[in-house]
1. Taking region 92-112, which residues are surrounded by 15 or more Cβ atoms within 10 Å (Cβ to Cβ) and either in contact with a Cys (Cβ under 9 Å, 6 or more places away or on another chain) or not hydroxyl-bearing (Ser, Thr, Tyr) (or both)?
2. Among (1) in contact with a Lys or Arg (Cβ under 9 Å, 6 or more places away or on another chain); (2) crowded, with 17+ Cβ neighbours inside 10 Å; (3) not charged (D, E, K, R), where does Ser66 come up short?
3. I'd like to verify a number: residues in region 113-146 that are buried (at least 19 other Cβ atoms within 10 Å of the Cβ) and hydroxyl-bearing (Ser, Thr, Tyr), how many?
4. Have a look at Asp64, Asp54 and point out the one that is of a type outside the set (Val, Ile, Thr) and modelled with pLDDT under 90.
5. Which of the numbered conditions does Thr88 fail, given that it passes all the others? Conditions: (1) buried (at least 18 other Cβ atoms within 10 Å of the Cβ); (2) at pLDDT below 85; (3) polar (S, T, N, Q).
6. Any residue that is of a type in the set (D, E, K, R) and closer than 23 Å to Asp163 by Cβ - is there at least one of those in region 67-79?
7. Restricting to region 164-194, give me the number of residues that are hydrophobic (A, V, I, L, M, F, W, C), surrounded by 13 or more Cβ atoms within 10 Å (Cβ to Cβ) and not in a loop (DSSP other than H, G, I, E, B).
8. Of the residues Leu166, Leu100, Leu110, Leu152, which is in contact (Cβ under 8 Å) with a residue 40 or more places away in the chain and either over 13 Å from Leu69 (Cβ atoms) or among the aliphatic types (A, V, I, L, M) (or both)?
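The values are calculated or read from the model by the stated rules, or taken from the named source; none is laboratory data. Treat the numbers as computed from the prediction; the structure is a model and nothing was measured. Cβ atoms come from the backbone with ideal geometry, glycine included; neighbour counts cover every protein chain shown.
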Amino acid sequence: MSDTLLAISRSLSADVQTLATISHNVANMNTPGYRGTRAIPEFGDQLRVRSALDQGDGGLKQTDRSLDLALRGPGFFVVERDGVPLLTRAGEFRVDGEGLLVTSGGDRVLGTSGPIAMPPGEVRIDTQGEIWSGSQAVDRVYVVSATDASRLRPMGGGAYAYDGQLEAWSGSVMQGALERSNVDPAEQTVRLMETTRHAESVQRAISIYDKAMGTGINSLGEN
């Protein structure tokens, strides 16, 4: 394959990856706490596409459930799945049969010293994630900031694996609310149109190049 055709093929492959990212974002627009993913082209010896999460806040949906929590500012709840710590923005929590605070999917929500054992009755959770039963502080929801969003890998159920550095979190916790997806439908529509038009242009370039090569080969054959 010639260098020209190889370069065109890589450009088309990048468009396909970008379209897949947009499709995934649109499919999760109504998923609480979902972080939109952006495909970022990297130009070097070869055209590559890497993905990174948008860490901007999504809108809030008021639920008035005491165990529904939403984060404001870059940060993630830390949960545990099969002994492995994961990060999530989806704060639709409940108490399981063992009296532990868990996500809607059953992942254990971590506090300052491990899984959070919840007291009976209603609790108050302040803006710093401190859990109160009456005047007694029970635990604090563990929230962290991820310094490199490109290292966040989706693991299903709104959770992400992360192998980068963590920083202290400086946002706030909102009790009785859930964070909506931070995907902007209008932005995704514009990106879809731009990427589709670019992919069509690349396909036309491939067709023109193929015809030019065919003409050249035929001309050589006639000589």
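1. At the first step, the residues of region 92-112 found to be surrounded by 15 or more Cβ atoms within 10 Å (Cβ to Cβ) are 92-95, 100-103, 107-111.
Listed by number, the residues that qualify are Glu92, Phe93, Arg94, Val95, Leu100, Leu101, Val102, Asp107, Arg108, Val109, Leu110, Gly111.
2. Result: Ser66 fails condition (2) only.
3. The total comes to 1.
4. Numbers: Asp64 fails: modelled with pLDDT under 90.
The unique qualifying residue is Asp54.
5. (2)
6. First, the residues of region 67-79 that are of a type in the set (D, E, K, R): 68, 72.
Narrowing further to those that are closer than 23 Å to Asp163 by Cβ: none.
Checked against the condition, which is being of a type in the set (D, E, K, R) and closer than 23 Å to Asp163 by Cβ, region 67-79 yields no hits at all.
7. Step one: filter region 164-194 for residues hydrophobic (A, V, I, L, M, F, W, C), giving 166, 168-169, 173-174, 177-178, 183, 186, 190, 192-193.
Add one more test, that the residue is surrounded by 13 or more Cβ atoms within 10 Å (Cβ to Cβ), and what stays is 166, 169, 173-174, 177-178, 183, 192.
Those left that are additionally not in a loop (DSSP other than H, G, I, E, B): 166, 173-174, 177-178, 192.
Residues flagged as hydrophobic (A, V, I, L, M, F, W, C), surrounded by 13 or more Cβ atoms within 10 Å (Cβ to Cβ) and not in a loop (DSSP other than H, G, I, E, B) within region 164-194 amount to 6.
8. Values: Leu166 fails: in contact (Cβ under 8 Å) with a residue 40 or more places away in the chain; Leu100 fails: in contact (Cβ under 8 Å) with a residue 40 or more places away in the chain; Leu110 fails: in contact (Cβ under 8 Å) with a residue 40 or more places away in the chain.
Only one candidate passes the filter, namely Leu152.
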